[in-house]
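Q: Before I ask anything, let me first share the structure, which is written out below as structure tokens.
The values are calculated or read from the model by the stated rules, or taken from the named source; none is laboratory data. None of the values given here were measured: they were computed from a predicted structure. Here the Cβ is made from the backbone with ideal geometry for all residues, glycine too, and neighbour counts use every protein chain on show.
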Amino acid sequence: MKRRWWKEAVVYQIYPRSFLDSDGDGLGDLRGILAKLDYLKRLGIDVVWLSPVYPSSGDDGGYDVSDYCAIDPAFGTMADWEELLRKMHERGIRLLMDLVVNHTSDEHPWFRESRKSRDNPYRDYYIWQAGKEGREPNNWASHFGGSAWAYDPVTDEYYLHLFSKKQPDLNWENPRVRDEIYAVMTWWLEKGVDGFRLDVINMISKVPGLPDAPVVSDERYQWAGQYFLHGPRLAEYLREMKERVLSKYDVFTVGEMPGVTTEHAVDLTHEETGPLDMLFQFEHMDLAPRDTLARVGKWHVGRWDLLELKQVMTRWQKDLEGKGWNSFYLSNHDQPRSVSRFGDDGRYRVVSAKMLATFLHLLHGTPYVYQGEDIGMTNVHFESIQEYRDIETLHFYQEWVGQRRSDPDEVMAAIHAKGRDNARTPMQWNATEHAGFTTGTPWINVNPNYRQINVEQAAADPDSIFHYYRQLIELRRHHPIMVYGSYELLLDTHEQIFAFLRCLHDERWLVILNFTADVPVFALPSTVTCSQHDLILSNYPTDARSDFRLFSLQPYEARVYRLIRTPRRERRKEGAGPGDGQ
Ligand code: TEU
């Protein structure tokens, strides 16, 4: 594989409204980020992915953009943004902007025009259709509940919105729309950004005719992913974007792609011919049973299965090896906190967060750290629905408690486990009021555990999660095997331990991760030959000389070893030890 800076980078995601508020209005902002650049530098990350800071109608946390080439005054000014970019670059940190171009806000000037009349020049920027027998043009469900169509009385037609009503889908079949998007991208690239995270970019091509989705449930509206995920012209649009814009700059892209398969991924991120550099897949986020409606499936509260996680990750690692490029994340602004989901946010919070960090940095692919993951922030359990802000969560509650009269406790339990606001409570900087996030009233309440879990505490404790992340990021900088090494799963049927090898040229690393609070026995498979070992990293005090071929792991223990094969001639002199010579 070719060496590329973005393969070697560690990316840190900032959700700006929850990072740091510099002016006391309760909302995080650009000057807040500026104030924390030295923190990010100390952590060691290479790239910041900034969730949207554009003017927005505020319906979906900034993912409903009303002006692509400006900064929302609530976050600051364009001059603040320019200063941010300059100061990041001075520190060797690059900036990835979030590009949300499957849809705009309904307050975007294009849509304001589009809805005026059927012959407005902007009409075909969006997807308009007449109703069918007094109802929506088809039976598609929106991601946030209800129909994917909204009726507009002005022209007596419906527009398509795969997300909220305030997020009308752009019509990518219209070449003028594509020209506009490429112009926006070029505008930011000329300002010096280092790439884009492309929001739901595999939804931009819809199957012509927009047919009704098969009825698979007694719901009024049906999941229609097969008609808008990886549509017939997706690859063509992305190749055009690459040719007309991206190929002219040394930048990278990561495409967010719910429902993507490894086959798509190889095609889209192929080293020579792929239009994108990497993408976000969702399979490890959807481990819970998928036997219900996709949207309801998201809210399923069930224990995920380590064997399934191994299968999913191994398939992604192997299918892309030598062809495409993986990215890897365990949390982001749409997902619950990783330590609460995959680790233990109680007794074993610190060790389990470190074990997950080891997993994140040791798999093949570019790692993405989400703000707060670096100090082991946890899910929040607000008691009242009034404390929640996320549109998806509020729709879910309204639908199930309001309309279907489900047990509110059960619905709240699902929100506590899966809701997006778990990730959106303010970053916990210190133990002062509102965790040092704001001097005003935060737009969403702070997680009450901020007195124990915060940056100040973590920075002062040499054994903290924060320092462990620093160590991992630093290691990755010095060991190309972490970036480019091949992957091989070991112990594929073990129900508690996830173990794998990474190999590059003559170097081999062994990664052993206990995903449980149990103390399982690790036994090195006899196929792995080795006469000496170095302990590279561990999340418990460990005697580097102790035997690693057979030992009991502590709860959520993680160990990384370098395995050394002694050359044949020397080995004869030494006399073969256990596990040797195979
Ligand atoms: O998310 C895309 C997406 O598929 C979401 O439905 C995601 O799966 C869901 O939030 C999980 O609960 C992107 C953004 O990351 C998200 O914040 C936006 O709401 C969405 O697109 C629309 O722009």
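Q: For residues in region 131-146 being in contact (Cβ under 8 Å) with a residue 60 or more places away in the chain and in a strand (DSSP E or B), which is farthest from Asp334 (Cα to Cα)?
A: Filtering region 131-146 for residues that are in contact (Cβ under 8 Å) with a residue 60 or more places away in the chain and in a strand (DSSP E or B), the one farthest from Asp334 (Cα to Cα) comes out as Trp140.
Q: Next question, about the same structure. Anything in region 529-553 that is surrounded by fewer than 18 Cβ atoms within 10 Å (Cβ to Cβ), part of a loop (DSSP other than H, G, I, E, B) and modelled with pLDDT under 95? List them, or say none.
A: Thr529, Thr542, Asp543, Ala544, Arg545, Ser546, Asp547, Arg549
Q: Further question: Just name the residue that is farthest from the ligand (Cβ to nearest atom) out of those in region 394-437 that are without any contact (Cβ under 8 Å) to a residue 60 or more places away in the chain and within 19 Å of Gln13 (Cα to Cα).
A: In this case the residue turns out to be Gln428.
Q: Consider Glu433 against the criteria (1) surrounded by 20 or more Cβ atoms within 10 Å (Cβ to Cβ); (2) farther than 30 Å from Leu501 by Cα: it satisfies all of them except one. Which criterion is unmet?
A: It is condition (1) that Glu433 fails.
Q: Confirm whether Asp124 is out of contact with any helix residue (DSSP H, G or I) (no Cβ under 6 Å at 6 or more places or on another chain), charged (D, E, K, R) and surrounded by fewer than 22 Cβ atoms within 10 Å (Cβ to Cβ).
A: Yes; evaluated as a whole, the condition is true for this residue.
Q: Just to verify a result, which residue in region 137-155, among those that are within 16 Å of the ligand (Cβ to nearest atom) and among the aromatic types (Phe, Trp, Tyr), is farthest from the chain's Cα centre (by Cα)?
A: Here the answer is Trp140.
Q: Which pairs do you get when a residue that is at pLDDT 95 or above, found in region 226-246, comes within reach of a residue that is of a type in the set (Lys, Arg), reach meaning Cβ atoms under 8 angstrom, with the pair 6+ apart or on two chains?
A: If the second residue must be of a type in the set (Lys, Arg), the pairs left are Tyr227/Lys206; Phe228/Lys206; Gly231/Lys206; Tyr237/Arg178; Glu240/Arg178; Met241/Arg178.
Q: Does at least one position in region 107-128 carry a residue that is within 14 Å of the ligand (Cβ to nearest atom) and either touching a residue at least 24 places away in the same chain (Cβ under 8 Å) or among the aliphatic types (A, V, I, L, M) (or both)?
A: Yes, region 107-128 has at least one match.
Condition check ((1) crowded, with 18+ Cβ neighbours inside 10 Å; (2) in contact (Cβ under 8 Å) with a residue 24 or more places away in the chain; (3) within 16 Å of the ligand (Cβ to nearest atom)) across all residues:
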position: Gly297; (1), (2), (3): no, no, yes
position: Val301; (1), (2), (3): no, yes, yes
position: Glu308; (1), (2), (3): no, no, no
position: Trp316; (1), (2), (3): yes, yes, no
position: Ser327; (1), (2), (3): yes, yes, yes
position: Ser331; (1), (2), (3): yes, yes, yes
position: Ser340; (1), (2), (3): yes, yes, yes
position: Asp344; (1), (2), (3): yes, yes, no
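Q: When you scan region 179-196, how many residues do you find that are of a type in the set (Asp, Glu) and in contact (Cβ under 8 Å) with a residue 24 or more places away in the chain? Walk me through how you get there before you give the answer.
A: At the first step, the residues of region 179-196 found to be of a type in the set (Asp, Glu) are 179-180, 190, 194.
Then keep just the ones that are in contact (Cβ under 8 Å) with a residue 24 or more places away in the chain; that gives 180, 194.
Final tally of qualifying residues: 2.
Q: Which of (1) of a type outside the set (S, T, N, Q); (2) outside any loop (DSSP other than H, G, I, E, B); (3) under 20 Å from Ser51 (Cβ atoms) does Ala150 not meet, given it meets every other one?
A: (3)
Q: Still on this model: Scan region 165-204 for residues that are in a loop (DSSP other than H, G, I, E, B), away from the ligand (no atom under 16 Å from the Cβ) and over 22 Å from the mean Cα position of the chain (by Cα) and jot them down. Before you say what the answer is, go through the steps one by one.
A: Initially, region 165-204 is screened for residues in a loop (DSSP other than H, G, I, E, B), giving 165-168, 171-174, 191-194, 199-200, 204.
Cutting the leftovers down to away from the ligand (no atom under 16 Å from the Cβ) gives us 171, 173-174, 191-194.
Those that are in a loop (DSSP other than H, G, I, E, B), away from the ligand (no atom under 16 Å from the Cβ) and over 22 Å from the mean Cα position of the chain (by Cα): Asn171, Glu173, Asn174, Lys191, Gly192.
Q: Now, a different point. Mind telling me which of the residues Asp461, Asp421 ends up being more than 21 Å from Tyr39 (Cβ to Cβ) and of a type in the set (Asp, Glu)?
A: None of the others qualify; the one that does is Asp421.
Q: Shifting gears a bit: Restricting attention to region 42-51, and to residues there that are within 21 Å of the chain's Cα centre (by Cα) and of a type outside the set (A, V, I, L, M, F, W, C), which single residue is surrounded by the most Cβ atoms within 10 Å (Cβ to Cβ)? Give the steps one after another, and end with the answer.
A: Going residue by residue through region 42-51, those that are within 21 Å of the chain's Cα centre (by Cα) are 43-51.
Imposing the further condition that a residue be of a type outside the set (A, V, I, L, M, F, W, C) reduces the set to 44, 46, 51.
Working: Gly44: 18, Asp46: 20, Ser51: 23.
Top of the filtered list is Ser51.
Q: Restricting attention to helices (runs of 4 or more DSSP H) lying wholly within region 210-281, give those where 2 or more residues are within 15 Å of the ligand (Cβ to nearest atom) and in contact with a Ser or Thr (Cβ under 8 Å, 6 or more places away or on another chain).
A: By residue number, no helices (runs of 4 or more DSSP H) qualify.
Q: Here's something else I'd like to know. Among (1) within 16 Å of the ligand (Cβ to nearest atom); (2) touching an Asp or Glu at 6+ places or on another chain (Cβ under 8 Å); (3) not in a loop (DSSP other than H, G, I, E, B), where does Tyr158 come up short?
A: Here Tyr158 meets the rest and fails (1).
Q: Against the definition (closer than 25 Å to Tyr368 by Cβ and surrounded by 15 or more Cβ atoms within 10 Å (Cβ to Cβ)), how does Phe396 come out, yes or no?
A: The answer is no for Phe396.
Q: Tally time: how many residues in region 176-200 are among the basic types (Lys, Arg) and surrounded by 15 or more Cβ atoms within 10 Å (Cβ to Cβ)?
A: 2
Q: Is it true that Leu85 is within 16 Å of the ligand (Cβ to nearest atom), of a type in the set (A, V, I, L, M), touching a residue at least 12 places away in the same chain (Cβ under 8 Å) and closer than 24 Å to Gly255 by Cβ?
A: Values: within 16 Å of the ligand (Cβ to nearest atom): no; of a type in the set (A, V, I, L, M): yes; touching a residue at least 12 places away in the same chain (Cβ under 8 Å): yes; closer than 24 Å to Gly255 by Cβ: yes.
In short, no.
Q: Among the residues of region 381-393 satisfying the criterion of being assigned to a loop (DSSP other than H, G, I, E, B) and either within 15 Å of Ser18 (Cβ to Cβ) or acidic (Asp, Glu) (or both), which is nearest to the ligand (Cβ to nearest atom)?
A: Within region 381-393, the match that is nearest to the ligand (Cβ to nearest atom) is Asp390.
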